[in-house]
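Throughout, read-outs are computed from the coordinates displayed, never taken from laboratory work. These figures come from a predicted structure and were not determined experimentally. Quick reminder, even Gly has a Cβ in these numbers, built from the backbone with ideal geometry, and neighbours come from all protein chains shown.
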Amino acid sequence: MFGLSITTATKLSEDRSSATAQAARAADVLRFVGDEAVNVTSTEYERQGNRMTINRFEALLVQKYREHLGVDTRRIRVPAGVTDMAIGPDDAIEVVEAKSSTSRLSIRTAIGQLFDYCSYIPSARNLTVLLPEQPAPTLQELCLKLGINVVYPSRDASFIRHDATAEARGSISALLHSDRPYTGGA
């Protein structure tokens, strides 16, 4: 690309208009809802003669993390679903997705869910995956490269947090909130 890389006042105005329109669209789809109540830790039912047990491990993990943080949290309902946790003010939200396993499938699912949710939340500033234990180094590195923080409980009942770099977070945010189609870096 050649040229002086000068941005015109018209282009700046168009960018501001686009950002304003995007915020208005987000306001139409964002619905803040209360934290999930954890009244039972598991439930059982019979299905075709077999007893099925459903454990609420993710909800319990979110509850413990919320208690550890000691701050008000909530969830956000968007067309893609409901976040597990949202932290912070409306203009700088951290979106948290909890998983009950550190398997590759669980972490890949969390990545996809976070990206899907946050494509509707322009004010998302941090994406975080909350796990029951430290993931394999390659999976932790994958999350961090994609701008996703990794949090898991420590042995002393607190939590360990690995933050993605500001550059990685900014790159993903720009991609998720761009009105322009992805062109493969061209």
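Ranked by Cβ crowding within 10 angstrom, fewest neighbours first, how are S158, S178 ordered?
On the way: S158 9, S178 12.
Ordered from fewest to most neighbouring Cβ atoms within 10 Å, S158, S178 come out as S158, S178.
Cα atoms only, region 105-162: Rg and Dmax in Å?
Answer for region 105-162, Rg first and Dmax second: 11.7, 36 Å.
Over region 67-173, what number does the Rg to Rh ratio reach, with both radii from the alpha-carbon atoms and Rh per Kirkwood?
On the way: Rg = 12.9 Å, Rh = 13.8 Å.
Result: Rg/Rh = 0.93.
At a 10 Å Cβ-Cβ cut-off, how would you order L142, L61, L105, L114, fewest neighbours first? Display every interim value, and only then the final one.
Values: L142 17, L61 21, L105 9, L114 25.
Least to most surrounded, the residues fall as L105, L142, L61, L114.
Label points 7 Å out from Cα along the Cβ direction at R77 and S154: separation in nm?
Here the modelled spin labels are 3.8 nm apart.
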